[in-house]
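Enquirer: Pasting a structure here, questions to come.
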Amino acid sequence: MHTAQEWLEKIRALPLTSPLKIMNVCGGHERAITTAGIRGALPPQIELIPGPGCPVCICPEEDIYAAIQLALQDKVILLAFGDMLRVPVNVSKQEARSLEQAKALGGDIRPIASPMEALQIAEQNPKQAVIFFVAGFETTIAPVAALLAQGVPDNLYFLLSGRLTYPAVAMLLETGQATFQALVAPGHVATVMGANEWTFVVTEHQLPCAVAGFTPESLLAGFYSTIRQYLDKNYFLDNCYPQLVTAQGNTTAKIYLNEKLNIIDANWRGIGIIPRSGFALKESTHDARYHFPDYASESRRRAGEMPAGCDCASVVLGKIYPNQCRLYSTACTPRNPIGPCMVSDEGACRIWWSGGVRTH
């Protein structure tokens with residue numbers, strides 16, 4: 001195993017003379033890159049582009065709005081991962097703009113960190129309806145599927161807003177919108193779904209691709225691999241996270257996903273419908289969408305639901321850097337987020353701000 005410094009030296013020794021843009025799909029990758037200062041340590045011709053790997057950032061506005069209304073109007077116990085509480089939606093100033101504001105207005109809204117907490121709260125409150133608003137990618141949705149397979153109380157329902165990671169990248173490549181020449185795929189998703197899920201990048205689009213973990217060593221190994229592939233014009237899928245990632249992934253987790261969930265066309269906030277990119281419950285028994293009112297009116301079902309001036313969708317798709325957003329560091333800050341990318345710890349704007357980037 002090479003150290004981070006050794007990987008940097010190997011990268012700097014490569015004869016790369018022209019610019020090369022590498023997309024890192026995962027918000028966790030972007031956080032590790034920024035925290036470790038990797039972007040500034042690489043040769044200047046290498047650009048690292050944050051990609052669509054923030055589930056909070058792409059959660060449809062109508063789902064967040066529905067969760068707010070369920071908590072305020074149906075008086076359920078509404079559970080959500082902590083990042084979701086501050087994500088804003090477009091409503092009048094007289095209405096709750098986020099789950100956090102709905103909680104201040106009296107909604108029983110509780111942040112949790114794992115599906116097991118949802119189970120415990122439902123068991124502790126058997127006479128109340130408990131809705132778990134789940135926004136996440138495969139690594140979040142797989143434990144939910146496992147929980148359903150093992151059985152949950154009758155009073156626990158799921159408002160599912162789960163997404164698959166690879167379809168957004170596939171959409172960029174298929175529509176010619178991609179701004180990158182190489183890809184570093186998310187290691188945590190690959191632990192569940194398998195590294196082979198990303199072979200399409202190589203076989204269908206002839207681009208270098210590597211799966212990486214979250215240490216500087218693993219990330220730099222991934223960057224080195226994709227640069228070498230690019231220079232040699234020899235493209236293949238390289239697993240730079242063999243400690244946890246296999247070609248096929250976690251068989252048990254994939255069985256639970258297949259048993260309990262369907263794959264559907266799904267809306268990504270600010271982007272629109274991406275075919276076969278979402279999860280939906282197969283059975284209605286614990287589906288909040290089936291048992292509770294539908295607050296997602298047609299007026300809220302639209303692709304361009306970012307606030308005026310907010311460029312989060314372009315950031316998510318890797319078309320601009322966070323500090324190129326028109327609102328970054330002016331109207332939009334972590335204390336007063338306008339768009340979702342400034343809310344989540346996996347949002348590129350929040351990560352760049354935390355890393356000290358304050359100017360355009």
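The values are calculated or read from the model by the stated rules, or taken from the named source; none is laboratory data. What you see is a predicted model; the values in this text were computed from it and never measured. Counting neighbours? That spans all protein chains shown, and the Cβs are built from the backbone with ideal geometry, glycine included. Just the protein is used for accessible areas: all its heavy atoms, side chains included, with ligands, DNA and RNA removed. Shrake-Rupley method; radii C 1.70, N 1.55, O 1.52, S 1.80 Å.
Enquirer: Heavy atoms only, probe 1.4 angstrom, no DNA, RNA or ligands counted: give me Met116, Met23 ranked by accessible area, highest first.
Expert: From most exposed to least exposed: Met116, Met23.
Enquirer: Can you give me the accessible area per residue for the chain, using a 1.4 Å probe, in Å²?
Expert: 41
Enquirer: Taking the Cα atoms only, what angle lies between the long axis of helix 61-73 and the longest principal axis of the chain, rounded to 10 degrees?
Expert: Roughly 30 degrees between the two axes.
Enquirer: Sticking with this structure for a sec: Measuring from centroid to centroid over Cα atoms, what is the spacing of the stretch 56-102 and the stretch 327-360 in Å?
Expert: 20
Enquirer: Here's a follow-up. Karplus couplings for the stretch 174-188 from phi (6.51 cos²θ - 1.76 cosθ + 1.60, θ = phi - 60°), rounded to Hz, Gly and Pro as x?
Expert: 6, 8, x, 8, 5, 10, 10, 10, 7, 9, 10, 8, x, x, 5
Enquirer: To the nearest 10 degrees, how steeply does helix 115-124 sit against the main Cα axis of the chain, on a 0 to 90 scale?
Expert: Value to nearest ten degrees: 10.
Enquirer: Ignoring ligands and nucleic acids, what accessible area does His2 show with a 1.4 Å probe (Å², nearest 10)?
Expert: 80
Enquirer: Do you know the relative contact order of the chain, to the nearest whole percent, from alpha carbon pairs under 8 angstrom that are 6+ apart?
Expert: RCO, the chain: 22 percent.
Enquirer: If you don't mind, there's one more thing I want to ask. Could you pull out the pairs from Lys127/Lys282; Lys233/Lys254; Lys127/Lys260; Lys75/Lys282; Lys10/Lys254; Lys282/Lys319 whose alpha carbons sit more than 30 Å apart here?
Expert: Lys233/Lys254; Lys10/Lys254; Lys282/Lys319
Enquirer: Related question: With charges only on Cβ, +1 for K and R and -1 for D and E, what is the dipole size of the chain about its Cα centre, in debye, rounded to 20?
Expert: Roughly 740 debye for the chain.
Enquirer: Rounding to the nearest 20 debye, state how big the charge dipole of the stretch 16-171 is about its Cα centre with +1 on each Lys and Arg Cβ and -1 on each Asp and Glu Cβ.
Expert: 340
Enquirer: Suppose accessible area is computed on protein heavy atoms with a 1.4 Å probe; arrange Lys10, Lys75, Lys103 from highest to lowest.
Expert: Per-residue accessible area, sorted high to low, gives Lys75, Lys103, Lys10.
Enquirer: Taking the chain as a whole, which cysteines find no other cysteine Cβ under 4.7 angstrom from their Cβ?
Expert: Cys26, Cys59, Cys209, Cys240, Cys310, Cys325, Cys332, each lacking another Cys Cβ under 4.7 Å.
Enquirer: Which residue, chosen from Val184, Gly270, Gln229, occupies the Cα position most advanced towards the positive end of the dipole of the chain, where the dipole is computed from +1 (Lys, Arg) and -1 (Asp, Glu) charges on Cβ about the Cα centre?
Expert: Gly270
Enquirer: Run the accessible area of the chain with a 1.4 Å probe and give the carbon-and-sulfur part as a rounded percent.
Expert: 50
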